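K.L.:
One structure follows; several queries about it will come next.
The values are calculated or read from the model by the stated rules, or taken from the named source; none is laboratory data. Every value quoted in this text rests on a predicted model; they were computed, and no experiment measured them. Positions of Cβ are generated from backbone atoms using ideal geometry, with glycine treated the same way; all protein chains shown enter the neighbour counts. To get the accessible areas, we keep the full protein, side chains included, count just its heavy atoms, and leave off ligands, DNA and RNA. Shrake-Rupley method; radii C 1.70, N 1.55, O 1.52, S 1.80 Å.
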Amino acid sequence: MTNSFRTSTGGRVNRELPLSFQFDGTPYSGYAGDTLASALLANGKHDIASSIKFGRPRGVFAAGPEDPSGVIQIEEPFPEPMLMASTVELYDGLVASGLPGQGWLADRPDPARYDAVHHHCDLLVVGAGPAGLSAALTGARAGARVVLVDSLSEAGGSLLGSTEVIDGRPALEWVESVTAELDEHPDVLHLQRATAFGCYDDGFALALENRTDHLGGAADPDDTRQRVWRIRAQYLVIATGAHERPVVFNDNDRPGIMLAASARTFLHRFGVLAGGRAVLFTTNDSAYAAAFDLSDAGVTIVAVADSRAQVSERLQDGCVRRGIALHTGHVVSGTDGDRRVESVDIAALTGDNEVGQAERVAADLLLVSGGWNPAVHLFSQARGRLRYDDGIGAFVPAEDLEQGRAVGAAAGHFGLADALRDGASAAAAALGPTATAAVTEHQVDDLVEAPSAVLWSVPGSGETGMAFVDLQRDATTQDVLRAVGAGLRSVEHVKRYTTIGTGLDQGKTSGVVTSGIIADALGVGVAELGVTTYRPPYTPVAFAALAGRNRGQLLDPVRLTPTHVWALTRGAEFENVGQWKRAWYFPREGESMDGAVARECRAAREGVAFMDGSTLGKIDVQGPGAGELLDRIYTNMMSTLKVGRARYGVMCGADGMVVDDGTVIRLADEHFLLTTTTGNAASVLETMEEWLQTEWPELRVHLTSVTEHWATFPVVGPKSREVIAALVPDLDVSNDAFGFMTWRDAEIAGVPVRIVRISFSGELAYEVNVSAWHAMAVWRAIAEAGRPHGITPYGTETMHVLRAEKGFPIIGQDTDATMTPQDLGMSWVVSKKKEDFVGKRSFTRLENQREDRKQLVGLLPQDPSVLLPEGGQVIETADLPEAPVRMLGHVTSSYHSATSGCTFALAVVRGGRDRLGETLYVPMNGTPVPVTVSDTVLYDKEGARRDG
Amino acid sequence: MTADDVAVDQRVSPLELWRAEFKALPAGVRLRELAFLTQLSLRLVPESPAVAAVSEALGVALPLEPCSSAVAGEVTVLWLGPDEWLVMTPTGDGETERNLRAAVQGHGAVIDVSGQRTTVSVSGPRARDLLAHGCSIDLHPRVNHAGSCVQTHLAKAGVAIWTRDDSGTDFWVVVRTSFADYLARWLVDACVPHRQDPQWQ
C-alpha cells in the first residue's frame, strides 16, 4: 500500500523526489513538498494518535496548525514532542510516532543551532495568500521596506488548496509572478516556513523560521535550524486567512473525520485523496467546493447533509451533475467505526430543534464545515478589538490597529477579489500616495454565496454518546454544560474548568464553538459572551528557539580581567563573581584547594603575595561639588581628605542599611577616585547619578566609570615593601615617607602607575594601579621583582580568609539589606559632625537602636577542626529543642585559618556584642556544635602588622 | 629603546588572541580590533562657555545632537550623552588630552579612559546582517547614516556603535574591555551558520 491514495497527477509535491520515513515503526514513502500528515494520508494511514483522556483513536482533522488531533512525536533525527503532523514538513529519514496526548523530551543536548535576527521594515505582511501577496507587492512597488512571512513551504496560502483563477490564469501562476517580482526588490524580505507567532506593542512582532528540517540530511549542519525574527514594523498587515470551524456531533472525533477545506487542500496541494467514499456535512456554501473537487478526482460522495433548508441552484446542479445525494435541512448526528469512521448517521433537523431518525450510510471520510473563523490571533494580540458577526458566526476585527490592519479572510472578507483589494489598499493606507499608485486591479470571478447557517452543535449531541468540543483535551459538550451548570458564566472560567483551548493547538477549532455552546446554554448572545483571549505564541515555539544562542559559553557574558590568560596558564581555578571570572586559587600539581589556600595565606602573612583585584568598581569624581557629593553619599567625612591620601568609606541606603563600601583617594582639590565592591560597581554609579540628577542638581560633579581602565594589583605581606622598593627604586617606601592610607604616582617597567598604601588583609600592603593596556607588563614586573622573596599569586579564596581573619566584612556576604554600620561594629565610620548624608535620619529610628539587633561577631568552634557551614543557624542550647527553634542569627563567613591553626567564622547574632565569651551552638547535621562568641578580629588584634 | 618604547612594546590588547579567528571569518564580514586608541571621556554641560574652546582644541565643533559624532583628522568625537563625549585618537602623545584639559579648565572634566574600552571594526557587505543578530537598532542606510553613534546592546554587552559610511558596511563597535572576549566569541559564533552562505563569501 504505497501512496495508493495519491492522485496520478497534480498537487505541489515533487514526484521526482521520493522520501522515505517511518511512522509508528512502519516504513512509508512520500514526496518532497509533503507534510507528515499528507504523506500518511497518501498511504491510507488515518489512525495516527490516541486521545489523552479516553485513549480514543485520532487522525488528521485539519491540514494546518489548527489541527487539534494529529499530534505526533519526532523520534529521529532528534526527539521533539507534541508536534502536529500537518505542520511537519516531510524529509528523508524522518522517524515519528503518534502520541497519546503527551510526548517525551530528549535526554541529550540538542545539537542544532538556533538564533535570532532583528529586522526593521515599513510594512510587515503576515501571510502569503492572495491578500498578503497583494499587500507585499504594492508595498514593494512603492519602494517600501517590506517583510513578508508565511508559515507554509511556499507562497499562495489558500490558493494552494483551490482552483482559483486570477486575471484569466491559474492563481498559482499569479503567485509565482508576484514572488518573482518581490525577489527583485533588495529591501523586501520574503520568508516562507516562517510563522509570525506574536504581536506586541509598537509594531513589534516575532516570527519563527524553520530553516533546515525540510532539507533532511542535505542540510548544512552549521546552519541555523530555527531562527526567531524580531521584527519592528511601522505598519502591520495581518493576512492570516481563516480557519474552518467544525460542528459538534456525537462521535465527531474518529479518524477520517476532517474539515472540508482541509480535504480539498490535501487534494490540490498534495495530490492526496483523504478517502474513497465521503459524506459532507456543512452549514454553508464554501464546503461544496471540497465535495465537488473530490468527486471530480474520483472520490464517491455518498451524500451532502446541509443544515440549511435551502441551497442555491448552482450547488443543487453541481450535486445532480455528480450524482451526489443532497439532503437539505439535514445534519450528521453520529458516526460509527473501529479505528476509523466507517459509517455516518444523517438525520433531518426538525422544527423544534431536534433531529429525526437517522439514516446510516457507509463512508470512510466525513467532511465537516461549520463556517469560518477569521484568524484574528495576531490582530487580537496587538490589542485590536473584535466584534461578533452574526452572519458568519465568528469574531472579526472591529477596527484598524493604530499601525496596522487585518485584511482578506482574516478580516472576514472571504472572497478572492476582496482579499486582493484589501491587501493592496492596506499597503496604500500605510505608505501613502506612491503605494496607492502601485495598486493593481485584478479580474476575478467570485461566486455569490448564499447565507450560512450558524450551528455550533447538532441538537442532542452528547446526550447519548460523546460529542467532542476540544479533541485534544478530550473535552465534550457535556463538560461545557457541566461547567455552566456549576455556575460558571465567563468563557475564560469555562475554559479553565474544562481545559478547552489549552492544548498545543490553543483551541483554534474549539474556541468560538465553545462560546456558542455556552451562549446557547445560557440563552445569551455570543457577542455578549465574547471569546477567550488570544495570547502568543500563535503556534508552539520550542524553548530552544527562544533561547537561541544564549546557551553554553554565550549564556551570559563572561567578564575577564587583564591577567585572565596568565592565571589560566598557571592552572588557576576560577570562580564566578557576578559576570566576572576571577582566579579563585592557584593549586600546584596535586595540591588540594585547602592546601593551596593555606599556602597562599602563609605567603601573604609571612612573605609576599599578589593578586588581581581589577574587578573592583572604580568611579572618577570630578567637579567643584565633588567633596560635598561624597560627604552626602558616604556615612563618613570625605571632603576633609587631603590630596595624596586615601580613606575607607561606607555607603548606606536611605533606610540606613549598608549598601557598599570601598576606598576614596583624593587626586586633586576637585578630583576623587573611589572604589566599590566588585558586584556593586554599576549600581553605586547609578545610585550616585540618581541622587545627583534628581536631588542635588546644584552640585557640579561629573561621575565617570573607570573600572576597566585601571587594573588593580594588591601586593601583600611583610616583604611587600621590598618588592615595591625593587620595582620603584626612586620611591621612598619607608613608612614615614609613604604611610598607610596614602598614595603616590610612580613608574613601573616604564609605565605610569599609582600605588596606594591600603590593606584588606591587615598586612603591610600596596595596591598597584595601572592602565589596562599595561596591566600584564606591570603584573609580570611584580612577579619578577617578587621572585627573590617567593612572591605567590593568590586568588579570591585567600583574599576572603585574610580579610575574615581581620574581621573585615564583605558587603553582600556578611551583610544583607538589614545591617547598619552600627550592627557591623563600625560606628566609627558614621560621622557625627555632618549635618546630613544618605541614611542618617534612619539611624535614630527606634528599630535601628534596639539592643537585640543582629550584630556581626566572630564564632570560634570549640573543636577547632570543625568548619561551620556558611548559612548555618546560631541557637542558644546544646540540645536541639522542639521546633520552632529560636534562631539567634546565622553564620555569614567560615574558613580555616592557616595562621591560627583553627577554624573560625563570622556571624550575625542577636545582641551579639553583649554575648562575647558566651557559648552558643550551630546545628550541623542535626547536632548542635558549641562555639564561643568572640570579637570579629581573629588575627593581629592590635594591628601591629599594617606598617610592616 | 626608551622607557616609552618599552611600554608600548609591552601593551596587551583585550582581543589579541582573537586575531586568527577574526581572519578566518567568511569574506562578507571583516572583524578587526582597533587596539590602543587613546580614549578620553569629555564631560561638559553643553551650555558651558568652554564649548567653544573645546571645539577649537578638537578642531571640529563639539557634536551636540543626540547620537551624533564629529571627526577632525584622526580625532573622532562620539556623543554619548547630553554631557558626555568619547574622544578617540590613534596618537598616544598626550597632546589631545593636554589641549582638551586646557580648554575645559574648570568647566568639566577630561578623563583618560583608554583602557576602559576597546574598539572592534565591523565592516564588509554583511556587516549589518552580522550586527542584526544581536542589535535591535535599525542600521539600514535608509535611516542610519554615516556619523551616527548609538549606545545600545549587542547581544548582552553594552556597546556604542559608530556608523562610518552610508552603505551600512562600516561600523565601529566600542565595548567595555572586560566584555570584549564575550563579544568576540559572540561575533565569531554568529558567523558560523553563514559559512556556507554564498552571500557571505
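K.L.:
Just need a number here: residues in region A:1-41 that are assigned to a strand (DSSP E or B) and more than 17 Å from A:Leu152 (Cβ to Cβ). Don't jump to the end; show me each part of the working.
P.N.:
At the first step, the residues of region A:1-41 found to be assigned to a strand (DSSP E or B) are A:6, A:14-23, A:26-32, A:35.
Adding the requirement that they be more than 17 Å from A:Leu152 (Cβ to Cβ) leaves A:6, A:15-23, A:26-29.
So the count comes out to 14.
K.L.:
Out of the residues in region A:775-793 that are farther than 14 Å from A:Ala726 by Cβ, touching a Phe, Trp or Tyr at 6+ places or on another chain (Cβ under 9 Å) and not aromatic (Phe, Trp, Tyr), which is nearest to the other protein chains (Cβ to nearest Cβ)?
P.N.:
In this case the residue turns out to be A:Met776.
K.L.:
Listed residues A:Ala419, A:Ala426, A:Ala435; which is at pLDDT below 95 and not assigned by the TED database to the domain that holds A:Asp47? Let's see the steps before the verdict.
P.N.:
Working: A:Ala419 fails: at pLDDT below 95; A:Ala426 fails: at pLDDT below 95.
Answer to the check: A:Ala435.
K.L.:
For region B:190-200, name all the residues that are part of a helix (DSSP H, G or I) and under 16 Å from B:Pro125 (Cα atoms).
P.N.:
To start, the set of residues in region B:190-200 that are part of a helix (DSSP H, G or I) comprises B:190-194, B:198-200.
Scanning region B:190-200 gives B:Ala190, B:Cys191, B:His194, B:Pro198, B:Gln199, B:Trp200.
K.L.:
Same structure again: With respect to A:Leu172, is the statement that it is farther than 30 Å from A:Tyr235 by Cβ, more than 14 Å from chain B (Cβ to nearest Cβ) and out of contact with any His (no Cβ under 9 Å at 6 or more places or on another chain) true?
P.N.:
Details: farther than 30 Å from A:Tyr235 by Cβ: no; more than 14 Å from chain B (Cβ to nearest Cβ): yes; out of contact with any His (no Cβ under 9 Å at 6 or more places or on another chain): yes.
For A:Leu172, the condition - farther than 30 Å from A:Tyr235 by Cβ, more than 14 Å from chain B (Cβ to nearest Cβ) and out of contact with any His (no Cβ under 9 Å at 6 or more places or on another chain) - is not met.
K.L.:
Which residue is nearest to A:Gly318 (Cα to Cα), if the candidates are limited to region A:286-305 and must be assigned to a helix (DSSP H, G or I) and open to solvent by 10 Å² or more (accessible area, probe 1.4 Å)?
P.N.:
Only one residue tops the list, namely A:Phe292.
K.L.:
Something else now. If a residue must be part of a loop (DSSP other than H, G, I, E, B), closer than 21 Å to A:Ala325 by Cβ and not small (Gly, Ala, Ser), how many such residues does region A:253-285 contain?
P.N.:
Residues of region A:253-285 part of a loop (DSSP other than H, G, I, E, B): A:253-256, A:271, A:273-276, A:283-285.
Right, trim to closer than 21 Å to A:Ala325 by Cβ and you get A:256, A:273-276, A:283-285.
Narrowing the set further to residues that are not small (Gly, Ala, Ser) leaves A:273, A:283-285.
Result for region A:253-285: 4.
K.L.:
Taking the criterion of being among the small types (Gly, Ala, Ser), closer than 21 Å to A:Thr509 by Cα and touching a Gly at 6+ places or on another chain (Cβ under 8 Å), would at least one residue in region A:472-482 satisfy it? Give the derivation first.
P.N.:
Initially, region A:472-482 is screened for residues among the small types (Gly, Ala, Ser), giving A:475.
So of that shortlist, the ones also closer than 21 Å to A:Thr509 by Cα come out as A:475.
With the extra rule that they be touching a Gly at 6+ places or on another chain (Cβ under 8 Å), the set shrinks to none.
No: region A:472-482 contains no residue that is among the small types (Gly, Ala, Ser), closer than 21 Å to A:Thr509 by Cα and touching a Gly at 6+ places or on another chain (Cβ under 8 Å).
K.L.:
In region A:596-704, which strands (runs of 3 or more DSSP E) lie fully inside it and hold 1 or more residues that are touching a Cys at 6+ places or on another chain (Cβ under 8 Å)?
P.N.:
Working: elements: A:617-622, A:646-652, A:658-668, A:671-676.
Once the strands (runs of 3 or more DSSP E) in region A:596-704 are filtered for at least 1 residues that are touching a Cys at 6+ places or on another chain (Cβ under 8 Å), what remains is A:658-668.
K.L.:
Return a yes/no flag: does region A:368-390 have any residue that is among the β-branched types (Val, Ile, Thr), in a strand (DSSP E or B) and either in contact (Cβ under 8 Å) with a residue 12 or more places away in the chain or buried (at least 23 other Cβ atoms within 10 Å of the Cβ) (or both). Spell out the reasoning first.
P.N.:
The first filter runs over region A:368-390 and keeps only residues among the β-branched types (Val, Ile, Thr), leaving A:368, A:376.
From what's left, in a strand (DSSP E or B): A:368.
Still in the list and also either in contact (Cβ under 8 Å) with a residue 12 or more places away in the chain or buried (at least 23 other Cβ atoms within 10 Å of the Cβ) (or both): A:368.
Checking region A:368-390: at least one residue is among the β-branched types (Val, Ile, Thr), in a strand (DSSP E or B) and either in contact (Cβ under 8 Å) with a residue 12 or more places away in the chain or buried (at least 23 other Cβ atoms within 10 Å of the Cβ) (or both).
K.L.:
Now for a different question. Select from region B:132-160 the residues that are under 30 Å from A:Ala711 (Cα atoms), more than 8 Å from every other protein chain (Cβ to nearest Cβ) and surrounded by fewer than 23 Cβ atoms within 10 Å (Cβ to Cβ) and list them in ascending order. Reasoning before the result, please.
P.N.:
Pass one, region B:132-160, residues under 30 Å from A:Ala711 (Cα atoms): B:134-135, B:149-160.
Of the ones still in play, those that are also more than 8 Å from every other protein chain (Cβ to nearest Cβ) are B:149-154, B:158-160.
The answer is B:Val150, B:Gln151, B:Thr152, B:His153, B:Gly158, B:Ala160.
K.L.:
Given the criteria outside any loop (DSSP other than H, G, I, E, B), without any contact (Cβ under 8 Å) to a residue 40 or more places away in the chain and within 17 Å of A:Arg225 (Cβ to Cβ), does A:Pro81 qualify? Explain how you work it out, then say what you get.
P.N.:
Numbers: outside any loop (DSSP other than H, G, I, E, B): yes; without any contact (Cβ under 8 Å) to a residue 40 or more places away in the chain: yes; within 17 Å of A:Arg225 (Cβ to Cβ): yes.
Yes: the conditions hold for A:Pro81.
K.L.:
Does B:Glu65 qualify as being more than 13 Å from chain A (Cβ to nearest Cβ), of a type outside the set (S, T, N, Q), in contact with a Phe, Trp or Tyr (Cβ under 9 Å, 6 or more places away or on another chain) and surrounded by fewer than 18 Cβ atoms within 10 Å (Cβ to Cβ)? Outline the logic, then answer.
P.N.:
Values: more than 13 Å from chain A (Cβ to nearest Cβ): yes; of a type outside the set (S, T, N, Q): yes; in contact with a Phe, Trp or Tyr (Cβ under 9 Å, 6 or more places away or on another chain): yes; surrounded by fewer than 18 Cβ atoms within 10 Å (Cβ to Cβ): yes.
Yes.
K.L.:
For region A:45-78, name all the residues that are over 20 Å from A:Gly501 (Cβ atoms), in a loop (DSSP other than H, G, I, E, B) and open to solvent by 20 Å² or more (accessible area, probe 1.4 Å).
P.N.:
Residues satisfying the conditions are A:Lys45, A:Asp47, A:Gly55, A:Pro77, A:Phe78.
K.L.:
If you don't mind, there's one more thing I want to ask. Could you list, in sequence order, all residues of region B:19-58 that are over 25 Å from B:Ala70 (Cβ atoms), open to solvent by 20 Å² or more (accessible area, probe 1.4 Å) and touching a Leu at 6+ places or on another chain (Cβ under 8 Å)?
P.N.:
The answer is B:Leu25, and nothing else.
K.L.:
Would you pick out the residues in region B:171-189 that are in a helix (DSSP H, G or I) and either more than 7 Å from chain A (Cβ to nearest Cβ) or among the basic types (Lys, Arg) (or both)?
P.N.:
Just the residues of region B:171-189 that are in a helix (DSSP H, G or I), to begin with: B:177-189.
Once the filter is applied, which keeps residues that are in a helix (DSSP H, G or I) and either more than 7 Å from chain A (Cβ to nearest Cβ) or among the basic types (Lys, Arg) (or both), region B:171-189 yields B:Ala180, B:Leu183, B:Ala184, B:Arg185, B:Leu187, B:Val188.
K.L.:
Do we find a residue being open to solvent by 30 Å² or more (accessible area, probe 1.4 Å) and over 27 Å from A:Thr569 (Cα atoms) anywhere in region A:794-808?
P.N.:
yes
K.L.:
So which of B:Gly92, B:Gly168 ends up being in a loop (DSSP other than H, G, I, E, B), at pLDDT below 95 and within 14 Å of another protein chain (Cβ to nearest Cβ)?
P.N.:
On inspection, the qualifying residue turns out to be B:Gly92.
K.L.:
For region A:217-252, what are the residues that are part of a strand (DSSP E or B) and aliphatic (A, V, I, L, M)? Break it down stepwise before answering.
P.N.:
To start, the set of residues in region A:217-252 that are part of a strand (DSSP E or B) comprises A:224-238, A:242-244, A:248.
If the condition is that a residue be part of a strand (DSSP E or B) and aliphatic (A, V, I, L, M), then A:Val228, A:Ile231, A:Ala233, A:Leu236, A:Val237, A:Ile238, A:Ala242, A:Val248 are the ones that fit.
K.L.:
Go through region A:320-356 residue by residue and tally those that are more than 29 Å from A:His46 (Cα to Cα), surrounded by fewer than 15 Cβ atoms within 10 Å (Cβ to Cβ) and not basic (Lys, Arg).
P.N.:
Within region A:320-356, residues that are more than 29 Å from A:His46 (Cα to Cα), surrounded by fewer than 15 Cβ atoms within 10 Å (Cβ to Cβ) and not basic (Lys, Arg) number 7.
K.L.:
Among the residues of region B:161-180 satisfying the criterion of being over 16 Å from B:Trp85 (Cβ atoms), of a type outside the set (Ser, Thr, Tyr) and under 12 Å from the mean Cα position of the chain (by Cα), which is most open to solvent (accessible area, probe 1.4 Å)? If you could, list the steps in order and put the result at the bottom.
P.N.:
First, pick out the residues of region B:161-180 that are over 16 Å from B:Trp85 (Cβ atoms): B:163-171, B:173, B:175-180.
The next check asks that each one be of a type outside the set (Ser, Thr, Tyr); those that pass are B:164-166, B:168, B:170-171, B:173, B:175-176, B:179-180.
Subset that is under 12 Å from the mean Cα position of the chain (by Cα): B:164, B:170-171, B:173, B:175-176.
Values: B:Arg164: 100, B:Asp170: 33, B:Phe171: 0, B:Val173: 1, B:Val175: 1, B:Arg176: 67 Å².
Once the filter is applied, the top-ranked residue is B:Arg164.
K.L.:
Here's something else I'd like to know. When only residues in region A:562-573 that are open to solvent by 20 Å² or more (accessible area, probe 1.4 Å) and touching a residue at least 60 places away in the same chain (Cβ under 8 Å) count, which is farthest from the other protein chains (Cβ to nearest Cβ)? I'd like the intermediate steps shown before the answer.
P.N.:
Of the residues in region A:562-573, the ones open to solvent by 20 Å² or more (accessible area, probe 1.4 Å) are A:562, A:564-566, A:568-571, A:573.
Checking which are touching a residue at least 60 places away in the same chain (Cβ under 8 Å) leaves us with A:562, A:566, A:570, A:573.
Working: A:Pro562: 7, A:Trp566: 10, A:Arg570: 16, A:Glu573: 19 Å.
Only one residue tops the list, namely A:Glu573.
K.L.:
Quickly run through region A:411-447 and pick out the residues that are exposed (fewer than 15 other Cβ atoms within 10 Å of the Cβ), in contact (Cβ under 8 Å) with a residue 60 or more places away in the chain and under 30 Å from A:Thr328 (Cα atoms).
P.N.:
Matches in region A:411-447: A:Asp445, A:Leu447.
K.L.:
Taking the options B:Glu33, B:Glu21, B:Glu56, B:Glu65, name whichever one is of a type in the set (Asp, Glu), closer than 23 Å to B:Ala146 by Cβ and in contact (Cβ under 8 Å) with a residue 24 or more places away in the chain. Explain how you work it out, then say what you get.
P.N.:
On the way: B:Glu21 fails: closer than 23 Å to B:Ala146 by Cβ; B:Glu56 fails: closer than 23 Å to B:Ala146 by Cβ; B:Glu65 fails: in contact (Cβ under 8 Å) with a residue 24 or more places away in the chain.
Going through B:Glu33, B:Glu21, B:Glu56, B:Glu65 in turn, the sole match is B:Glu33.
K.L.:
List the number of the failed condition for A:Asp223; all other conditions in (1) under 25 Å from A:Ala85 (Cα atoms); (2) away from chain B (no Cβ under 14 Å); (3) not aromatic (Phe, Trp, Tyr) hold.
P.N.:
(2)
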